[in-house]
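Inspection log for the structure reproduced underneath, given as structure tokens.
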Amino acid sequence: MSQPQEILLAEPRGFCAGVDRAIEIVERALQKFGAPIHVRHEIVHNTYVVNDLKAKGAIFIEELAEVPPGATLVFSAHGVSKAVQNEAEARGFRIFDATCPLVSKVHVEVAKLAQEGYEFIMIGHKGHPEVEGTMGQLEHGIHLVEDVADVARVQPLQTKLLAVVTQTTLSVDDAAEITAAVRARFPSVREPKQQDICYATQNRQDAVKVLSAQVDLMIVVGSPTSSNSNRLRELAVKLGIPAYMVDSAEELRPEWFEGVTRVGLTAGASAPEILVRQVVDRIKALGAVSVRTVPGMEETIKFPLPKGLKIEAAV
Ligand code: 10G
Ligand code: SF4
């Protein structure tokens, strides 16, 4: 007789501090200024979150030309280039910047080192908005590498003042391997004091590593556009566990759970807990009998809201 099926929940999972803050910025802007609030790019890469904010009056756009004069505009958590920032200011919008402070920190570092004459090698995924935003802090001098093979091809103009920066949501292990290849080719390259991959990415990947040793299937809640969610699924697969990413409980397929005793469940940094709860209910309906959390790193970090959206002190 087969054993009863159990669900093991990863900890931490789901929303990070940057996502919490970004969503709160849009919600507070809606409360304070009324609908519509325009948001450049999906505030975070999650279908549920975007649809929920749309229902409350947010309008998501990619081009600033789509935003009417005088409108309130929010930049997504992934950050924007200097060109986008300058254009938005020139068009006179009321702007709230929901760029995660940990992404802004990378932007500041790039600007500071560029002043000192540095050129950059950026490790990241081509076309991702965070990569466009970070590379777009400078007009030139940032070279993108996506993998170890790219490191052999990259051609900086000089190698004396060269620094590495990375996207915040990369695979920690892949980034370490690519950084090692950069170091091998350019031994004097400057590396970030603390890696640019953020605490939330690191903690969610660490939790998947712990969970993968205990389960025979991994489900990741996240949208297809979410880089960090994709990395969680890939990591479980690399560790030898069949893994699927779902945007909602409806996407779960009964055949995935056949013969499975322990199901691991996690969620990307942009995936809300309500979806995790719905996935748990669906897996239970398919036959799982118990749920338990596998304890992991506790997260207490919280970022302040921008000026103008903080709750005003009562007078
Ligand atoms: O993982 P990515 O960068 O695709 O973004 P996300 O919206 O799915 O999750 C939150 C992470 C960021 C805002 C990037 S710093
Ligand atoms: Fe910020 Fe990290 Fe969350 Fe990105 S994944 S929004 S860098 S905390």
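Taking region 239-249, which residues are open to solvent by 60 Å² or more (accessible area, probe 1.4 Å) and among the aliphatic types (A, V, I, L, M)?
Passing the criteria: only LEU239.
Name the residue, out of GLY14, GLY70, GLY92, GLY34, that is under 28 Å from GLY296 (Cβ atoms) and not hydrophobic (A, V, I, L, M, F, W, C). It would help to see each step written out before you state the result.
Values: GLY70 fails: under 28 Å from GLY296 (Cβ atoms); GLY92 fails: under 28 Å from GLY296 (Cβ atoms); GLY34 fails: under 28 Å from GLY296 (Cβ atoms).
None of the others qualify; the one that does is GLY14.
Here's a check for you: in region 250-308, which residue that is over 30 Å from GLU24 (Cβ atoms) and of a type in the set (Gly, Ala, Ser) is least open to solvent (accessible area, probe 1.4 Å)?
The extreme case among them is ALA288.
Being open to solvent by 20 Å² or more (accessible area, probe 1.4 Å), of a type in the set (A, V, I, L, M, F, W, C) and in contact (Cβ under 8 Å) with a residue 24 or more places away in the chain: is that true of ALA114 here? Quick ask: steps written out before the conclusion?
Numbers: open to solvent by 20 Å² or more (accessible area, probe 1.4 Å): yes; of a type in the set (A, V, I, L, M, F, W, C): yes; in contact (Cβ under 8 Å) with a residue 24 or more places away in the chain: yes.
In short, yes.
Condition check ((1) farther than 28 Å from LEU53 by Cβ; (2) without any contact (Cβ under 8 Å) to a residue 60 or more places away in the chain; (3) within 16 Å of ligand 1 (Cβ to nearest atom)) across all residues:
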{"residue": "ALA243", "(1), (2), (3)": "yes, yes, no"}
{"residue": "GLY259", "(1), (2), (3)": "yes, no, no"}
{"residue": "ARG262", "(1), (2), (3)": "yes, no, no"}
{"residue": "LEU275", "(1), (2), (3)": "no, no, yes"}
{"residue": "THR293", "(1), (2), (3)": "yes, no, no"}
{"residue": "GLY296", "(1), (2), (3)": "yes, no, no"}
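Consider GLU24 carefully, then state whether it is surrounded by fewer than 19 Cβ atoms within 10 Å (Cβ to Cβ) and within 16 Å of ligand 2 (Cβ to nearest atom).
Details: surrounded by fewer than 19 Cβ atoms within 10 Å (Cβ to Cβ): yes; within 16 Å of ligand 2 (Cβ to nearest atom): yes.
So GLU24 fits the description; yes.
Conditions tested, residue by residue: (1) buried (at least 24 other Cβ atoms within 10 Å of the Cβ); (2) farther than 20 Å from GLU177 by Cα; (3) outside the structural domain of VAL246 (by TED's automatic domain parsing); (4) at pLDDT 95 or above.
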site	(1), (2), (3), (4)
PRO192	no, no, yes, no
ARG204	yes, no, no, yes
LYS209	no, no, no, yes
SER212	no, yes, no, yes
VAL215	yes, yes, no, yes
ILE219	yes, yes, no, yes
SER223	no, yes, no, yes
ASN228	yes, no, no, yes
LEU232	yes, no, no, yes
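Does ARG91 satisfy being open to solvent by 70 Å² or more (accessible area, probe 1.4 Å), outside the structural domain of ALA249 (by TED's automatic domain parsing) and either touching a helix residue (DSSP H, G or I) at 6+ places or on another chain (Cβ under 9 Å) or hydroxyl-bearing (Ser, Thr, Tyr) (or both)?
Working: open to solvent by 70 Å² or more (accessible area, probe 1.4 Å): yes; outside the structural domain of ALA249 (by TED's automatic domain parsing): yes; either touching a helix residue (DSSP H, G or I) at 6+ places or on another chain (Cβ under 9 Å) or hydroxyl-bearing (Ser, Thr, Tyr) (or both): yes.
It is true that ARG91 is open to solvent by 70 Å² or more (accessible area, probe 1.4 Å), outside the structural domain of ALA249 (by TED's automatic domain parsing) and either touching a helix residue (DSSP H, G or I) at 6+ places or on another chain (Cβ under 9 Å) or hydroxyl-bearing (Ser, Thr, Tyr) (or both).
Which of the residues belonging to region 85-116 are among the charged types (D, E, K, R) and within 14 Å of ligand 2 (Cβ to nearest atom)? Talk me through it step by step, then tell me what you get.
Applying the first criterion (among the charged types (D, E, K, R)) to region 85-116 yields 87, 89, 91, 94, 97, 105, 109, 112, 116.
Passing the criteria: ASP97, LYS105, GLU109.
Is there a residue in region 152-164 that is closer than 21 Å to CYS198 by Cα and of a type outside the set (Gly, Ala, Ser)? Quick ask: steps written out before the conclusion?
Of region 152-164, the ones closer than 21 Å to CYS198 by Cα are 163-164.
Cutting the leftovers down to of a type outside the set (Gly, Ala, Ser) gives us 164.
There is at least one residue in region 152-164 that is closer than 21 Å to CYS198 by Cα and of a type outside the set (Gly, Ala, Ser).
Which condition from (1) more than 16 Å from ligand 2 (Cβ to nearest atom); (2) touching a residue at least 12 places away in the same chain (Cβ under 8 Å); (3) more than 28 Å from LYS284 (Cα to Cα) is the one that PRO254 breaks?
(3)
The values are calculated or read from the model by the stated rules, or taken from the named source; none is laboratory data. Values in this document were obtained by computation on a predicted structure and should not be read as measured data. Using ideal geometry, Cβ is built from the backbone for each residue, glycine included, and neighbour counts are taken over all protein chains shown. The accessibility values were calculated without ligands, DNA or RNA, using every heavy atom of the protein model including side chains. Shrake-Rupley method; radii C 1.70, N 1.55, O 1.52, S 1.80 Å.
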